[in-house]
1. Of 308, 49, how do they rank once you tally other Cβ atoms within 10 Å and put the fewest first?
2. Under a crude label model (7 Å from the Cα following the beta-carbon direction), how far is residue 197 from residue 18 in nanometres?
3. Three principal axis extents, largest first, for the C-alpha atoms of the chain, in Å?
4. Which value results when the Cα radius of gyration for the stretch 3-47 is divided by 2.2 N^0.38 Å?
5. By how many degrees, between 0 and 90 and to the nearest 10, does the Cα long axis of helix 88-106 differ from the longest principal axis of the chain?
6. Can you tell me how much longer the chain between residue 44 and residue 72 gets when fully stretched, taken as 0.36 nm per residue apart minus their C-alpha distance, in nm with one decimal?
7. Can you tell me the orientation of helix 3-14 relative to the chain, as the angle in degrees between its alpha-carbon axis and the longest Cα principal axis, to the nearest 10?
8. Which of 65, 245, 192 moves most in a GNM of the chain, Cα contacts under 10 Å?
């Protein structure tokens with residue numbers, strides 16, 4: 001038997017065993033070969049990477065924190081991952097895994113999905129999978145970033161690989177050099193139309209960054225000077241979402257920086273039916289709190305460190 005034919009036969013045996021749940025004896029009888037031959041072929045399927053086995057550890061969710069956040073902020077749903085004993089990387093991956101499950105549940109054939117960028121969004125996309133094929137248009141919620149600290153690969157196209165490879169192009173950088181340059185580029189037909197599509201998606205997946213160095217992808221990548229950071233802080237910035245800095249109430253700041261960002265407007269983000277916000281860690285608590293107060297997200301996926309601090313802010317009357 002030729003090699004390709006042999007690999008196809010091994011793949012068929014693996015499909016019958018793993019997908020249809022047939023026993024090795026049943027497959028042997030069906031194909032007219034011995035039980036030992038089927039056993040050998042299944043072993044070879046694993047060795048040749050035709051079959052890969054993944055053991056997914058259960059996510060530890062804290063329902064008490066989740067219920068408090070849902071009640072305080074009238075959220076559709078809150079998921080709080082227990083980050084106790086985890087380092088930041090492990091907690092981020094747990095948030096991403098939970099968010100990936102949620103995204104698979106809320107999407108449907110023919111939907112439009114808008115996404116921002118960031119480490120937690122990347123962790124979500126890297127772990128995203130669906131059991132049944134569907135066609136979903138993937139839409140950027142802001143212009144393009146050159147993210148030096150992000151995992152490699154284009155997040156939009158990586159996600160679209162699972163969803164029919166339909167990506168809307170937003171041919172503009174995320175941040176313009178001047179307000180005048182921003183006005184010019186957003187009047188260009190292709191950019192204007194892409195932003196219109198972004199404002200009309202049915203589902204959004206967004207990260208949340210803080211104004212502090214350890215909680216902001218924007219600051220981590222060095223896209224702001226210290227003078228710009230100081231100006232934003234003096235104007236009352238506590239966090240950013242889709243690259244737009246907001247105040248304690250989740251309202252976009254009337255600041256020069258925001259006027260140069262090519263992004264969906266926060267008031268339009270608020271209108272999207274389902275926005276899944278993903279962010280964790282104590283350093284991001286104030287920024288997440290602002291996004292919740294502003295009604296910018298409908299579903300929150302976070303960790304216990306952030307949840308504790310957010311609830312403290314509520315109790316302290318902030």
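1. On the way: 308 16, 49 7.
With the fewest neighbours first, 308, 49 line up as 49, 308.
2. Result for the modelled spin labels: 3.4 nm.
3. Dimensions of the chain along the principal axes of its Cα atoms: 76, 47, 32 Å.
4. Details: Rg = 9.4 Å, N = 45, 2.2 N^0.38 = 9.3 Å.
So the stretch 3-47 has a normalised radius of gyration of 1.00.
5. Taking Cα atoms only, the helix is inclined about 80 degrees.
6. Details: separation 28, 0.36 × 28 = 10.08 nm, distance 5.41 nm.
Fully extending the segment from residue 44 to residue 72 adds 4.7 nm.
7. That works out to roughly 80 degrees.
8. So, out of 65, 245, 192, the one fluctuating most is 192.
A short reminder: the numbers here are calculations on the coordinates, not readings from a lab. What you are looking at is a predicted structure, and each value in this text was computed from that prediction instead of being measured. Methodologically, a virtual Cβ is constructed for each residue, glycine included, from the backbone with ideal geometry; neighbour enumeration extends over all protein chains shown.
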